[in-house]
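Enquirer: Quick one: this structure, given as structure tokens, is what I'll be asking you about.
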2 protein chains.
Amino acid sequence: VRVLSTARDLQRRHARERQGLFVAEGIRAVEELLRSPLVVRGALVVDDGEHTRRRAIVATLRDRGIPVEDVSATDFASASDTETPQGILAIAEIPKRGLATLTLPNLDPVRLVVLDAVQDPGNVGTILRTASALGAVATLALPGTVDLWNAKVVRSSMGALFHHPALGCTWEELGSFLSKWEIALWGAENGGEPLSAMMQGASPVPRRVAVAVGNEGGGLSAHVRAGAVRLVAVEIEPGVESLNVGVATGIMLYELRRLS
Amino acid sequence: VRVLSTARDLQRRHARERQGLFVAEGIRAVEELLRSPLVVRGALVVDDGEHTRRRAIVATLRDRGIPVEDVSATDFASASDTETPQGILAIAEIPKRGLATLTLPNLDPVRLVVLDAVQDPGNVGTILRTASALGAVATLALPGTVDLWNAKVVRSSMGALFHHPALGCTWEELGSFLSKWEIALWGAENGGEPLSAMMQGASPVPRRVAVAVGNEGGGLSAHVRAGAVRLVAVEIEPGVESLNVGVATGIMLYELRRLS
């Protein structure tokens, strides 16, 4: 009952912050967690003996001496965040990450992502996965952004959150960090300068750029809009819908990598 | 009860295909639907009088003589596809779209997207939104792809499905279409040639390209793998997770547009 009650408790952000723990749910997420350096505290399984990958995970957990609690499907559902639970979740320690410990390579080009009150957990998870895959050195979450250790963010990051330095910070902390490391802040905004024009422009693209992406409905915050040296946009066809924030982030990171 | 029972029925793909109707749920989706050329047959609302945008939609529906059915929140939930319903949905006719009616501009560069058994409705909706925003002329769904008129695809396409020519076809129909219009088929695959190398390569990028993206777990089908003239990949960092299929599609379409 200990893992079960903790997992239920961790559905609330406040409990995650107080206890310094989070839940990774589903076969894929727990597999990624076990391949990561994070400390796993316990797991909850519905042991109907039927799923080969789930059985393999349970064997690994037991090998490592991690407590595994068998529960009924009903009990599992009470701690689950998914509509069709896969019958496995694990509790792990939220890694201690802070801007102070984030050191950047001296000479290499540097790309960062800043989440400026991005609220959809699926979008944030996809952005973390994208940032990790396209070589961003970190992803920094400003206030108003969904909790990075929310169960759906964890799941949709597909393991990226366990390796990629993603962490929350205030606007002031971000400002000091960017100036300390001489990183240019770009804001992604529909009405901004066309990205393709910037990439072909007369002035060279800076070697160190942080791209801030804003809230799905409201766009960038006043802080970021004021602090950004440029506002840029991926050009879209006239009269059509904007891009999904994860897709826009991917295109910007790809373009910055291509030219750096 | 007529709109309510029809909306419930349309939760099944078979019913959508038999009746030629689909459901658009939520304020944003219904607003986009009413701005589109599609024929709206009726709407279902929970009229608690509280939501301004919803009230405005109902007024528009009544102006146009479209039947609006007031129901209880419980009845609405029985027809709803969302966890937190916004109390409005509309039923509309699936537009008649076929490859035969898809004519392509003669001289302009042409980009298409092919969905090769992409099964996640959120991913398919995001791809439709992306294809529309980045100027793909059409999106073609091969067998095994989730139904394009599935409620979640409709919702996550953010209205793109109502304008962008998205339609299903068989592999044989696709093959004839591509050869008739002299379109090169590229397949997106993790192990493919690096996209950036292709874009800088000696051989010019063709003016007419269809990019096929595959199933989230299984990748491209044998048909597409055999039929593609090139297999291409967005390069990712070694040892990390793949890109989300919507993000990868966005990067490829952006790159193809940049060079065409």
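Enquirer: What are the label-to-label distances in nm, one decimal and shortest first, from residue A:50 to the same spot in the other copies, with labels 7 Å along Cα to Cβ?
Expert: 4.0
Enquirer: Keeping all protein chains in place and using 1.4 angstrom, which order do A:9, B:70 fall into by accessible surface area, from largest down?
Expert: Details: A:9 40, B:70 90 Å².
Result, largest first: B:70, A:9.
Enquirer: List the distances, in nm and shortest first, from the label point of residue B:97 to the matching label points in every other copy, placing each point 7 Å from Cα along the Cα-to-Cβ direction.
Expert: Once sorted, the set of distances for residue B:97 reads 3.8 nm.
Enquirer: Between their Cα atoms, which of A:96/A:180; A:96/B:152; A:152/B:96; A:96/A:152 are more than 27 Å away from each other?
Expert: Flagged as over cut-off: A:96/B:152; A:152/B:96.
Enquirer: Based on the Kirkwood radius over alpha-carbon pairs, what is the Stokes-Einstein translational diffusion coefficient of the stretch A:156-260 at 37 °C with 0.692 mPa s viscosity, in µm²/s?
Expert: Numbers: Rh = 14.9 Å.
Stokes-Einstein gives a translational diffusion coefficient of 220 µm²/s.
Enquirer: Largest first, what is the accessible-area ranking of A:58, B:39 with a 1.4 Å probe?
Expert: Listed by decreasing accessible area, they come as B:39, A:58.
Enquirer: Still on this structure: Hey, in the GNM for chain B with a 10 angstrom Cα cutoff, which one of B:31, B:216, B:172 fluctuates hardest?
Expert: For chain B, modelled as a Gaussian network with Cα springs under 10 Å, the answer is B:172.
Enquirer: Quick one, what does Rg over Rh come out to for the stretch B:35-141 if you take C-alpha atoms and the Kirkwood Rh?
Expert: On the way: Rg = 17.9 Å, Rh = 16.8 Å.
My calculation puts Rg/Rh at 1.07.
Enquirer: Taking Cα centroids, how far is the stretch A:116-194 from the stretch B:124-170 in Å?
Expert: 28 Å
Enquirer: For peptide A:228-240, what's the mean number of Cβ atoms from other chains within 10 Å of each residue's Cβ? Mind dumping the intermediate values first?
Expert: Numbers: counts 0, 0, 0, 0, 0, 0, 4, 6, 6, 7, 1, 2, 11.
That average works out to 3.
Enquirer: Still on this structure: Using θ = phi - 60° and the Karplus curve 6.51 cos²θ - 1.76 cosθ + 1.60, what whole-Hz ³J(HN,Hα) does each residue of the stretch B:147-152 get, with Gly and Pro shown as x?
Expert: 4, 4, 9, 4, 4, 6
Enquirer: Sticking with this one: As a test of reading the structure, rank B:158, A:198 by solvent-accessible area (1.4 Å probe, protein chains only), most first.
Expert: Final ranking, largest accessible area leading: B:158, A:198.
Enquirer: Measure out, as a whole number of angstrom, how far apart the alpha-carbon centroids of the stretch B:10-25 and the stretch A:48-114 sit.
Expert: Here the answer is 38 Å between Cα centres.
Enquirer: Along the principal axes of its C-alpha atoms, what lengths does the stretch B:14-82 span, in descending order and rounded to whole Å?
Expert: That gives 35, 29, 19 Å along the principal axes, largest extent first.
Enquirer: Then there is this: Could you calculate, for the stretch B:97-226, the ratio of the Cα radius of gyration to the Kirkwood radius, expressed as Rg to Rh? Write out the running numbers ahead of the final one.
Expert: On the way: Rg = 14.2 Å, Rh = 15.0 Å.
My calculation puts Rg/Rh at 0.95.
Enquirer: Give the span of the protein assembly as shown's Cα atoms along each principal axis, as three whole-Å numbers ordered largest to smallest.
Expert: In descending order, the Cα extents are 60, 59, 48 Å.
Enquirer: Same structure, new question: What is the diffusion coefficient of chain A in µm²/s, taking the Kirkwood radius over Cα pairs and the Stokes-Einstein relation at 25 °C with a viscosity of 0.890 mPa s?
Expert: Stokes-Einstein gives a translational diffusion coefficient of 126 µm²/s.
The values are calculated or read from the model by the stated rules, or taken from the named source; none is laboratory data. Worth saying up front: this structure is predicted, and the values here are computed from it rather than measured. Neighbour counts are summed over all protein chains in view; Cβ atoms, including those assigned to glycine, are modelled from backbone coordinates with ideal geometry. Side chains are part of the model used for accessible areas, which takes the heavy atoms of the whole protein and leaves out ligands, DNA and RNA. Shrake-Rupley method; radii C 1.70, N 1.55, O 1.52, S 1.80 Å.
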